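Read through the structure below, which is laid out as structure tokens, and then see the notes.
The values are calculated or read from the model by the stated rules, or taken from the named source; none is laboratory data. Keep in mind that what you see is a predicted model, and the values were worked out from it rather than measured. Positions of Cβ are backbone-derived with ideal geometry, glycine not excepted, and every protein chain shown enters the neighbour counts. Areas reflect the complete protein model, heavy atoms only, side chains present, ligands, DNA and RNA absent. Shrake-Rupley method; radii C 1.70, N 1.55, O 1.52, S 1.80 Å.
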Amino acid sequence: MTYDRIKTPFICLSIVLITLFSPIFVQASSEEGKKFEPGQFIIEHITDSYGWHIAGEGEHAIGISLPIILIDNGTPVVFMSGKFHHGHAAYKGYALGFTPETKGKIVKLGGTHSGYTGTLEEGTSYEIDTNASLIDFSITKNVCSLFISIILLIFIFLSVAKQYKRRDGMAPKGLQSLLEPVILFIRDEVVIPSIGEKKYEKFLPYLLTLFFFILINNMMGLIPVFPGGANLTGNITITGILAIITFFITSFSSNKNYWKHIFNTPGVPWWLKIPIPLMPLVEIIGIFTKPFVLMVRLFANISAGHIIILGFICLVFIFGGMSPALGYGVSAVSIFFYLFMGLLELIVAFVQAFVFTLLTSLYIGLAMEEGHEEAHEEHHAPMSIEKE
Amino acid sequence: MDLLTPSIGLIFWMLIGFGILFFILAKYAWPIITKSISERERKIENQLSEAAKAREEMKNLKSEHQALLIQAKDERDQILADARKIRDKLYEESKEKAYQEAQLIVEEARNAIHFEKMKAMTEIKNEIANMSIEIAEKVLQKELSDKTQQEKLVNEWIKELNFN
């Protein structure tokens with residue numbers, strides 16, 4: 001009983017502590033850097049990578065080697081990313097891209113170096129086999145983080161479901177009482193008002209999954225070390241897929257009224273529809289801009305948060321490069337701002353998950369609406385949030 | 001890796017991963033959680049309304065009880081008042097009766113006294129008459145020995161008798 005009660009604050013506390021010490025980890029990683037490039041540093045941190053870098057740089061780097069899965073002209077090739085030695089080596093003719101166009105991708109070496117395994121010497125020119133069709137299914141940092149969050153979510157909610165089964169009809173306890181208000185909030189404040197009392201039940205499981213998926217990945221992105229730190233919800237692929245799912249659900253659950261509203265918008269003068277279908281065109285574009293905006297909003301918000309936090313940390317090294325004393329002086333200010341941003345990002349993590357879920361359920365609700373009167377009223381609700 | 005271009009690998013793993021996540025949660029977690037939450041809500045609502053109903057009933061019962069109490073009190077008062085009235089009436093009646101009986105007794109007594117008195121008077125009268133006759137006999141026997149004397153006496157008596 002006491003264990004359950006302690007567990008939740010303990011998790012929160014450990015997240016805060018890890019967040020607090022994160023600048024130390026980062027500091028360690030650039031101790032021996034030659035010339036510090038903040039832009040490259042930040043982009044490397046918010047984009048995907050083949051290995052999971054933890055600390056250190058160059059030869060002393062500590063990281064997790066992740067599997068690389070390639071389909072090379074139909075034949076699968078699997079090996080660990082550690083073989084690349086952070087771009088300093090080739091393995092079986094595959095190497096990390098070194099030209100500006102191929103940077104961050106895997107290339108197949110051609111010509112004399114095809115099938116080459118060994119270090120890539122600086123100054124030597126390597127030929128790239130441009131005809132090779134490489135399909136990259138590697139378990140990258142983001143994929144790995146995705147799996148971790150999925151396992152975490154399944155573990156959390158299966159155990160909560162078990163608790164509900166075991167303590168049927170009783171007051172919630174432990175993890176259950178942490179999550180129940182959130183589940184109720186999503187159900188009562190987001191899904192039911194948007195979709196309506198009658199039809200909401202069909203969509204609730206998806207919307208709850210969506211909300212908690214975004215929330216947990218946002219939060220994990222704020223943890224600077226291993227299980228977290230990947231910028232998953234700040235990745236356009238992830239947000240794009242979520243937005244496309246929203247688009248499909250909206251389109252498939254739509255009724256006649258929704259399409260009538262698009263092709264023959266009521267309350268609009270006829271000359272806007274015939275001979276040039278201006279309004280229908282605008283409405284059709286609207287179908288696609290809605291999920292597009294969803295995708296960009298989540299991507300931009302989370303990436304921006306990461307960029308700002310990394311920017312504050314970069315300040316330490318920029319000033320440290322000028323003089324060590326200045327670096328230490330700035331680090332105090334930086335850590336303060338970092339803390340402030342971290343707390344702000346914690347709010348953003350929740351708000352963005354909430355907004356994505358709210359807009360998805362609003363779009364579903366709009367697609368299933370019967371009358372016209374409420375349609376216009378509810379249309380205004382997301383507008384205020386969309387400015388976010 | 002690029003910031004703005006989606007990568008096939010991530011799309012692939014995301015679709016699989018998210019699909020599995022949704023499938024597992026939608027099958028084993030959300031139905032149980034949402035069902036037990038709504039069931040508990042319904043249960044709490046029912047219990048609240050039942051409690052309200054019970055309270056209402058209690059109130060009714062209490063007022064009924066009170067009404068009953070008041071009625072009982074009224075009845076008791078009524079009974080007491082009736083009893084008092086009956087008692088008073090009985091008292092009055094018995095008093096009247098006693099008075100009448102006493103009156104009757106007194107009347108009877110008076111009648112008896114009167115009767116007795118009359119009887120005694122008659123007796124006394126008879127006695128006096130007898131005695132008078134005896135005395136008169138004696139006197140006459142003595143007086144009538146002398147003739148003048150007799151006359152004188154008769155006259156006297158006649159005179160006296162007239163006065164009587």
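Restricting region A:111-143 to residues that are in a loop (DSSP other than H, G, I, E, B) and small (Gly, Ala, Ser), which is farthest from the other protein chains (Cβ to nearest Cβ)? Steps first, please.
To start, the set of residues in region A:111-143 that are in a loop (DSSP other than H, G, I, E, B) comprises A:114-117, A:120-127, A:129-133, A:137-140.
Add one more test, that the residue is small (Gly, Ala, Ser), and what stays is A:114-115, A:123, A:125, A:132-133, A:138.
On the way: A:114: 23, A:115: 23, A:123: 26, A:125: 24, A:132: 15, A:133: 12, A:138: 5 Å.
Among them, the one singled out is A:123.
Only a single item in (1) part of a helix (DSSP H, G or I); (2) more than 30 Å from residue A:255 (Cα to Cα); (3) more than 9 Å from chain B (Cβ to nearest Cβ); (4) aromatic (Phe, Trp, Tyr) is not met by residue A:185, and it is number (2).
Would you confirm, using the coordinates I've provided, whether residue B:156 is open to solvent by 90 Å² or more (accessible area, probe 1.4 Å) and in a helix (DSSP H, G or I)?
no
Considering only region A:36-52, state which residues are in a loop (DSSP other than H, G, I, E, B) and surrounded by 15 or more Cβ atoms within 10 Å (Cβ to Cβ). Can you show your working first?
Here is the first cut: in region A:36-52, the ones in a loop (DSSP other than H, G, I, E, B) are A:36-37, A:47-51.
Correct list: A:47, A:48, A:49, A:50, A:51.
State which residue is least open to solvent (accessible area, probe 1.4 Å) when the search covers only region A:115-143 and only residues that are among the β-branched types (Val, Ile, Thr) and in contact with a strand residue (DSSP E or B) (Cβ under 7 Å, 6 or more places away or on another chain).
Looking at the filtered set, the residue picked out is A:139.
Per the conditions (1) open to solvent by 30 Å² or more (accessible area, probe 1.4 Å); (2) within 30 Å of residue A:335 (Cα to Cα); (3) at pLDDT 85 or above, the sole criterion not satisfied by residue A:232 is (1).
In this structure, does residue A:146 turn out to be open to solvent by 20 Å² or more (accessible area, probe 1.4 Å), facing chain B (nearest Cβ under 8 Å) and in contact with a Phe, Trp or Tyr (Cβ under 7 Å, 6 or more places away or on another chain)? No; evaluated as a whole, the condition is false for this residue. If the condition is being touching a residue at least 40 places away in the same chain (Cβ under 8 Å) and either among the polar types (S, T, N, Q) or within 16 Å of residue A:119 (Cα to Cα) (or both), then region A:69-93 contributes A:73, A:81. For region A:168-192, the candidate set comprises residues that are in contact (Cβ under 8 Å) with a residue 60 or more places away in the chain and of a type outside the set (D, E, K, R); within that set, the residue that is most open to solvent (accessible area, probe 1.4 Å) is A:178.
Matching residues to (1) open to solvent by less than 70 Å² (accessible area, probe 1.4 Å); (2) modelled with pLDDT of 90 or more; (3) in a helix (DSSP H, G or I); (4) over 30 Å from residue A:265 (Cβ atoms):
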site: A:287; (1), (2), (3), (4): yes, yes, yes, no
site: A:304; (1), (2), (3), (4): yes, yes, yes, yes
site: A:309; (1), (2), (3), (4): yes, yes, yes, yes
site: A:320; (1), (2), (3), (4): yes, no, yes, yes
site: A:331; (1), (2), (3), (4): yes, no, yes, yes
site: A:337; (1), (2), (3), (4): no, yes, yes, yes
site: A:342; (1), (2), (3), (4): yes, yes, yes, yes
site: A:345; (1), (2), (3), (4): yes, yes, yes, yes
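The set of residues in region A:64-96 being within 18 Å of residue A:133 (Cα to Cα) and under 24 Å from the mean Cα position of the chain (by Cα) consists of A:68, A:69, A:70, A:96.
Residue A:236 - would you say it is more than 16 Å from residue A:152 (Cα to Cα), within 12 Å of another protein chain (Cβ to nearest Cβ) and without any contact (Cβ under 8 Å) to a residue 24 or more places away in the chain?
Numbers: more than 16 Å from residue A:152 (Cα to Cα): yes; within 12 Å of another protein chain (Cβ to nearest Cβ): yes; without any contact (Cβ under 8 Å) to a residue 24 or more places away in the chain: no.
So residue A:236 fails the test.
If you filter region B:8-40 down to residues that are among the hydroxyl-bearing types (Ser, Thr, Tyr) and open to solvent by less than 40 Å² (accessible area, probe 1.4 Å), you find that the one that is nearest to the other protein chains (Cβ to nearest Cβ) is B:36. Across region A:239-268, the number of residues qualifying as more than 14 Å from chain B (Cβ to nearest Cβ) and open to solvent by less than 60 Å² (accessible area, probe 1.4 Å) comes to 13. For residues that are facing chain B (nearest Cβ under 8 Å) and of a type in the set (Phe, Trp, Tyr), tally how many sit in region A:149-177. Residues that pass the stated criteria total 2.
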